[in-house]
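Have a look at the structure below before the remarks.
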2 protein chains.
Amino acid sequence: MSKRINIQWQPDKNDKTPIYKQIVNYFSMMIVEGHWSLDENLPTQRDLAKQFNVNRSTIVSAMDELMASGIIETAYGGGTKITNNSWPLLAYSTFTNWRDFISAGPFKSNQEIIQTINKLEFEDYIRLGTGELDPSLFPKKLYDEVMANISKDLISLNYLEPLGLLDLRKELVKRLALEGIKANEKQILITSGSLQALQLISLCMLNDQSIVYTEAPSYIKSLQVFQSSGINLAPLSMDDDGLKYWQINTSRLKNKRNQIIYTIPDFHNPTSVSMSSLRREELLKFSLKYNLPIIEDSAYSELFFDKKKTKPLRANSNNNNVLYIGTVSKTLAPGLRVGWIVGPESVIERLGDVKMQVDYGASSISQLIVKEFFASGLYDKHLIMIRKELKMRRDNAIKAIDKYLGDQVSYRIPKGGFYIWLEFKKKISTEKIFQKALENNILLNPGNIYDFENNNCIRLSYSYEDSNTLNKAIKILSEIIEDI
Amino acid sequence: MSKRINIQWQPDKNDKTPIYKQIVNYFSMMIVEGHWSLDENLPTQRDLAKQFNVNRSTIVSAMDELMASGIIETAYGGGTKITNNSWPLLAYSTFTNWRDFISAGPFKSNQEIIQTINKLEFEDYIRLGTGELDPSLFPKKLYDEVMANISKDLISLNYLEPLGLLDLRKELVKRLALEGIKANEKQILITSGSLQALQLISLCMLNDQSIVYTEAPSYIKSLQVFQSSGINLAPLSMDDDGLKYWQINTSRLKNKRNQIIYTIPDFHNPTSVSMSSLRREELLKFSLKYNLPIIEDSAYSELFFDKKKTKPLRANSNNNNVLYIGTVSKTLAPGLRVGWIVGPESVIERLGDVKMQVDYGASSISQLIVKEFFASGLYDKHLIMIRKELKMRRDNAIKAIDKYLGDQVSYRIPKGGFYIWLEFKKKISTEKIFQKALENNILLNPGNIYDFENNNCIRLSYSYEDSNTLNKAIKILSEIIEDI
């Protein structure tokens, strides 16, 4: 345990310098002049507030500024420590105020709860909401086979074509054709995960006058890419056939340009609803009539449990109104960061040009791996296994929910994908559940992060934890809910 | 050869509908109603202009719109063909005008010449300007060793921590320490190539009021990421010691916020100048005095030929004013798309949060490969080989230049890195050289794309083509220049 610094100084309330600034100046001086030594811990914010007789928020402001300047930082195991006491040039008494900088850019931050979840996923929690496959489902043997195949021909890992590895795009042309989507290689752009396709669309095709219509609840709300770019989202509720597109105010469509629909028609995240064939047809007609194109996110479409999947929106003959997005993140390995977007050549070329500007293409080795998984037939072999496994896990999850939460929740039985959208019957604070679950070593995704308004739901994922762990966690969850 | 369509129709110059729109409507109708069949070639733009008695630009507008709508496309081998004649719903006579969409986003396109180079690099040209290592220098044996090591422990390829693979960041902590840079793992963000670090900075820390001061000529000018985001660049000329920072108008610094310096202090792209130790010290003092932070791009710093490299700017004790960017793209393999940025925790956390929003992290397999290259010592082994090889290639390039271009150019001898910045003594159009070289199967990078004004230079890279090929190309280049 580090020594804790003892402070005698007091801010001067008659000084015109704001109190928080006085604290910053005093702390800077003590550190720069070497009175406080490196790695000593500062008193807690609570103690400082008490000692200086100021509001806690004043201390927070001062600490933020000191932290942004980089001379103090969060210590491991909590508290605050000094990072650097050897700034001879601090004599200038000016140093970059990084806080100004990091708030100057146009792009917004994630919601705090998303930031928290992003971090806690790498600590030792049972992950009841994670949108990833169980690592134990990674097909290590097939992967080794793929890597051996690649290694034979691999001579270097240089940059690839602006639209991505040509051989991968050729494989996609074939795979897409099987789903009824006609596309040539120039109509496909390989992206660094399908999320990047949304970022490229937001950079190239939308602006702060744009509206993105989307399912409510939706995956998109849990991500920030559109909103962080200042683009507006408009919620559309769903029924069992999917998106209720007729809620779009068509009078608004005539005056405004650059509006677009974003939908996950297959095993929707987070509700698991799939759009019916009829609804798809209607939606396409509507889209054409009102000049309102569609982003079709097919992330889960391969993960059907029973009957074969419904035809994609882009498979329709009037497909040019649809931008189709695909990925291997939900089926094979999210860490490959390989996705793709299919659209008119003009759109793909524009997105590809901007992709070259922002990251100069997706990882070549990742693209080679996906190409080889496709070309060798091992991907399709793997899909059969994954579908079977996910179906078993779904059945188990449903049993556990019925057993432990039966009276308290309602839900749809998913016919594919990862998620069960649990709605609690009694009015309940999902934030409280989130906190209580954390205390019980369970990390879950409260429904609010997917929705446009407060709801009474959580997204349960049966893809990540094995059945035993899931059952235990659902049991604990039921106890938490009874206690609340 | 496809059949060419024969058109009898003429636009009506008395109609209020613009001529280009009449053409769009007529073409759409002929295609939709099936008068013209799929894959038939349209007449050339020149022929259409003649036949309709309109300007060529009118035809271009009409073709652009038809192409943006996706019903015609560029045919392989030139010309224009019909892609899709089966749009029953076109009866609505509205379809998405993709052209409106692709120009609606805030992000700008690459310069046309950059787009051309990006594409031609994948055709069969001698690449005299490419900023990549020769694929034959890829260390296939070391790579196989690395892959075998990884495979032993690899169980899945899931998402990684928001800041990137922890073990990779730990390796970087050690490597950075050897260069005199103190950093902990929370001060490092792994990016999808170092270019992405610049994009994240532009999204988070700069805005359209910002100024980025940079060397002229500069790498940054050849890429668009800052400019495409509407951020202003200000050029600073160089001498043999590097960036002449004193050209910055300091009176402007006091009123404006969010200005930053971008510099490549080691073996600068494209001039090969390295900043002297003294200049680095002065620059840092200036940076602190005026609250003007620095982005230090170290892409080439490992590629020194003789004496060990100069200490990085961030190695100075007042390092917190510097954001340090690194990559393996120039030393090992650009296709891995792995870079990193080192800075204050507060900055790194902000950039990391936005990285999660735009692509959810860099490829896990790429990060594992780089980690293992570092941890095994194979990277350092490889660097020794690469330095030796590049030095030999530089020596050869200098000989060839002196032999074939001796009288016509002046240049600095690079002491590291990839580039020789050739300045022609006589006033010459580098665009003409670019075109003539293309006709001779040589792709080169004209100096204009790196500069803020026209110049008389080209960037010659000795990293990509082997010595024989380079010699031949330089000989041809000298003949081209004599002919111009």
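The values are calculated or read from the model by the stated rules, or taken from the named source; none is laboratory data. This structure is a prediction, so every number in the text was calculated from the model and none was measured. FYI the Cβ positions are ideal-geometry reconstructions off the backbone, even for glycines, and counts take in every protein chain you see. Remember, those area values only see protein heavy atoms, side chains included, never the ligands or the DNA or RNA. Shrake-Rupley method; radii C 1.70, N 1.55, O 1.52, S 1.80 Å.
Just a few scattered comments:
- Between copies, the label points at A:GLN10 (set 7 angstrom from Cα along Cα-to-Cβ) are spaced 9.7 nm, reported in nanometres from shortest to longest.
- Debye log10 I(q)/I(0) at q = 0.06, 0.07, 0.08, 0.13 Å⁻¹ for chain A, Cα point scatterers: -0.35, -0.48, -0.61, -1.23
- Estimated at 0.36 nm per residue, the fully extended path between B:LYS16 and B:ILE484 surpasses their Cα-Cα distance by 163.6 nm.
- Apportionment of accessible area to carbon and sulfur, chain A, percent (1.4 Å): 48
- Added length on full extension, which subtracts the Cα-Cα distance from 0.36 nm per residue, A:ASP395 to A:LYS174: 76.2 nm
- Whole-angstrom gap from the range B:393-423 to the range B:169-186, using each part's C-alpha centre: 35
- With DNA, RNA and ligands ignored, accessible area of B:ARG4 (1.4 Å probe; Å², nearest 10): 100
- Each other copy holds its own label point for A:ASP167; taking that point as 7 Å from Cα along Cα to Cβ, the gaps run 2.7 nm, nearest first.
- The interface between chain B and chain A buries about 9700 Å² of solvent-accessible area in total (1.4 Å probe, ligands and nucleic acids excluded).
- If both residues of a DSSP beta bridge must be in the protein assembly as shown, then about 55% of such bridges are antiparallel.
- Burial of 20 Å² or greater, the range A:117-150 residues [accessible area, probe 1.4 Å, versus chain by itself]: A:ASN118, A:LYS119, A:PHE122, A:GLU132, A:PRO135, A:PHE138, A:LYS140, A:TYR143, A:MET147
- Residues of the range A:177-211 buried by at least 40 Å² of accessible area upon assembly of all protein chains, compared with the chain on its own (1.4 Å probe): A:LYS186, A:LEU195, A:GLN199, A:LEU203, A:MET205.
- Sorting B:SER277, B:SER151 by solvent-accessible area of protein heavy atoms yields B:SER277, B:SER151, largest first, with a 1.4 Å probe.
- In chain B, the calculated helix contribution to ellipticity at 222 nm averages -12500 deg cm²/dmol per residue, counting -39,500 (n - 2.57) for every DSSP H run with n ≥ 4.
- Two-decimal ratio, the range B:361-412, of alpha-carbon radius of gyration to 2.2 N^0.38 Å: 1.84
- With a Förster radius of 22 Å applied to the beta-carbon distance between A:GLN115 and A:ALA75, the computed FRET efficiency rounds to 0.65.
- The mean sequence separation of alpha-carbon pairs under 8 Å and at least six residues apart, normalised by the residue count of chain B, gives a relative contact order of 18 percent.
- Axis proximity, chain B to A: residue whose C-beta lies nearest, plus whole-Å distance: B:SER363, 2
- Once the Cα gyration tensor of the range B:221-272 is diagonalised, semi-axes √(5λ) in Å: 21, 17, 8
- Semi-axes of the equivalent ellipsoid of the protein assembly as shown are 43, 42, 28 Å, computed as sqrt(5λ) over the eigenvalues of the C-alpha gyration tensor in descending order.
- Working note: Debye formula, equal point scatterers on the alpha-carbon atoms of the range B:414-484, no solvent; log10 I(q)/I(0) at q = 0.16 Å⁻¹ is -0.55.
- Estimated at the nearest 10 Å², the accessible area of B:TYR411 is 60 Å² with a 1.4 Å probe.
- When only alpha carbons of the range B:336-386 are considered, Rg and Dmax amount to 13.8, 39 Å.
- Residues in the range B:216-221 carry Karplus couplings, in order, of 10, x, 8, 3, 4, 6 Hz; the curve used is 6.51 cos²θ - 1.76 cosθ + 1.60 with θ = phi - 60°, and Gly or Pro positions show x.
- Average accessible surface for the protein assembly as shown: 39 Å² per residue, computed with a 1.4 Å probe over protein heavy atoms with every protein chain in place.
- Using a 7 Å projection from Cα along Cα-to-Cβ, the label point at A:GLU479 is separated from the same position in the remaining copies by 8.5 nm, smallest value first.
- Note on A:VAL146: accessible area is roughly 0 Å² with a 1.4 Å probe, heavy atoms of protein only.
- Förster-model FRET efficiency, 30 Å R0, B:LYS472 and B:SER237, C-beta, rounded to 0.05: 0.30
- Put a dot 7 Å past the Cα of B:ASP380, heading toward its Cβ, do the same for B:LYS50, and the two dots end up 7.0 nm apart.
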